[in-house]
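The values are calculated or read from the model by the stated rules, or taken from the named source; none is laboratory data. Computed from a prediction, not measured in an experiment: that's the story for all the values here. Reconstructed Cβ throughout: ideal geometry from the backbone, glycine too, with neighbour counts over all protein chains shown.
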């Protein structure tokens, strides 16, 4: 059975191939292990409910939202959606939430943490599906704006 994302790619004549895994890719560690890539290359989808609007931010798999940067960018505190809210809004269950073929009332953003990769792996509508594409391609398909709301990576401690 095809995911909504695969149907969207076909309908829009887009060249992307949805990758179906034999195991779950619902979390960053599971997806990285299934694909044999570093966790940073998993483009995780984070959904937030703001005052009067809903947004999705894609960030590298190990990124964390920096509350100060988020508040500076959006003028309010970061409040993630519940799994039920994310499903109702996007049509995708947590583990498969992705930026493709969303209702028009969701603004999509790509965090700067994704720019350093040639390709990344966002989910593709199911807990065992993803797609490989360049961050710029994701931005082009979704109309996403680039934003810097992730915490800077901690330098490794020398022992």
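Which one of these does residue 69 not meet: (1) at pLDDT below 95; (2) out of contact with any strand residue (DSSP E or B) (no Cβ under 6 Å at 6 or more places or on another chain)? So residue 69 meets the others, but not (1). Taking residues in the stretch 101-127 that are on the phi < 0 side of the Ramachandran plot and free of Cβ contacts under 8 Å to residues at least 60 places away in the same chain, and partners anywhere that are surrounded by fewer than 18 Cβ atoms within 10 Å (Cβ to Cβ) and assigned to a loop (DSSP other than H, G, I, E, B), the pairs with Cβ atoms closer than 6 Å and at least 6 places apart or on different chains are 112/148. Just give me the residues in the stretch 70-88 being touching a helix residue (DSSP H, G or I) at 6+ places or on another chain (Cβ under 8 Å) and free of Cβ contacts under 8 Å to residues at least 24 places away in the same chain, in sequence order. Residue satisfying the conditions is 77 alone. So which of 118, 132 ends up being surrounded by fewer than 21 Cβ atoms within 10 Å (Cβ to Cβ), under 16 Å from residue 20 (Cα atoms) and modelled with pLDDT of 95 or more? The unique qualifying residue is 132.
Restricting 51, 44, 4 to residues that are under 17 Å from the mean Cα position of the chain (by Cα) and more than 22 Å from residue 116 (Cα to Cα) narrows the list to 4. Among the criteria (1) under 15 Å from residue 149 (Cβ atoms); (2) in contact with a helix residue (DSSP H, G or I) (Cβ under 8 Å, 6 or more places away or on another chain), the one residue 91 does not fulfil is (1).
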